[in-house]
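Read the figures in this text as sums done on the coordinates, not as results from a lab. Values in this document were obtained by computation on a predicted structure and should not be read as measured data. Every residue, glycine as well, gets a Cβ built from its backbone with ideal geometry; the counts of neighbours run over all protein chains shown.
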Amino acid sequence: DARVTQTPRHKVTEMGQEVTMRCQPILGHNTVFWYRQTMMQGLELLAYFRNRAPLDDSGMPKDRFSAEMPDATLATLKIQPSEPRDSAVYFCASARAGGRGEKLFFGSGTQLSVL
Amino acid sequence: RKEVEQDPGPFNVPEGATVAFNCTYSNSASQSFFWYRQDCRKEPKLLMSVYSSGNEDGRFTAQLNRASQYISLLIRDSKLSDSATYLCVDSGGSNYKLTFGKGTLLTVNP
């Protein structure tokens with residue numbers, strides 16, 4: 001089965017440290033999403049890419065977050081510097097863009113704890 | 001008004017019961033919707049797509065009401081394994097900016 005692969009699965013870090021999360025989308029999928037999930041806010045869209053180009057990153061705090069797709073097989077989400085309020089589960093999801101909407105396939109997520 | 005709104009629940013129902021969830025959306029240009037299921041500490045997984053008036057898959061029926069801008073999910077003969085959080089998703093029209101509701105928690109009791 002094709003899967004979206006996210007690393008690391010868990011990350012514990014101290015406030016102020018840089019955090020980099022990686023995602024390998026399903027081969028052939030041209031759309032990649034980054035979501036953050038907390039109990040209070042649910043799943044929030046941070047950024048998404050189509051054919052490696054950023055389409056919308058309005059949900060992302062620009063001063064500390066950055067998202068990139070250096071190639072079609074890798075998407076990264078970076079937080080620098082990290083803060084305790086960034087603690088959440090970060091999901092990457094990929095899809096193959098279609099005419100009637102996209103069915104997302106999610107990775108297992110990165111559980112981030114910032115102390 | 002939030003883009004996608006769901007009743008957070010929790011819904012506690014006995015096995016065999018029929019349960020329905022509603023979800024309202026604010027983007028009148030949205031063309032398609034989805035229901036995802038999320039188990040505790042797991043990633044969301046696609047349950048059903050809703051493109052036009054509705055969709056049925058076994059015990060699950062999803063319906064779309066464009067006039068009132070809501071979609072619904074009906075689960076018949078509920079099983080213990082149906083216990084999960086159900087997430088409503090708006091595909092966001094032509095930009096395919098998928099927006100999730102906060103989810104509805106369902107617990108099916110023996």
*For chain A, give the magnitude of the charge dipole about the Cα centre (Cβ charges: +1 Lys/Arg, -1 Asp/Glu; no others), in debye to the nearest 20.*
320 debye
*Can you give the FRET efficiency for residue B:40 and residue B:15, using 1/(1 + (r/R0)^6), R0 = 22 Å, r = Cβ-Cβ distance, to the nearest 0.05?*
0.70
*Could you line up B:19, B:4 from fewest to most neighbouring Cβ atoms inside 10 Å?*
B:19, B:4
*Three-way shape call for the range A:1-45 based on the alpha-carbon gyration tensor, with the a/c threshold at 1.5*: oblate
*In debye, nearest 20, what is the charge dipole magnitude of the protein assembly as shown about its Cα centre with +1 on Lys and Arg Cβ and -1 on Asp and Glu Cβ, if you could check?*
220 debye
*Which whole number in µm²/s is D for chain A by Stokes-Einstein, with the Kirkwood Rh taken over Cα pairs at 25 °C and 0.890 mPa s?*
174 µm²/s
*Would you mind estimating how fast the protein assembly as shown diffuses translationally, via Stokes-Einstein at 20 °C and 1.002 mPa s with the Kirkwood radius over Cα pairs, in µm²/s?*
119 µm²/s
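How large is the Kirkwood hydrodynamic radius of chain B, in angstrom, based on all distinct alpha carbon pairs?
13.9 Å
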*Selection from B:33, A:23, A:73 lying farthest towards where the dipole of the protein assembly as shown points positive, charges on Cβ*: A:73
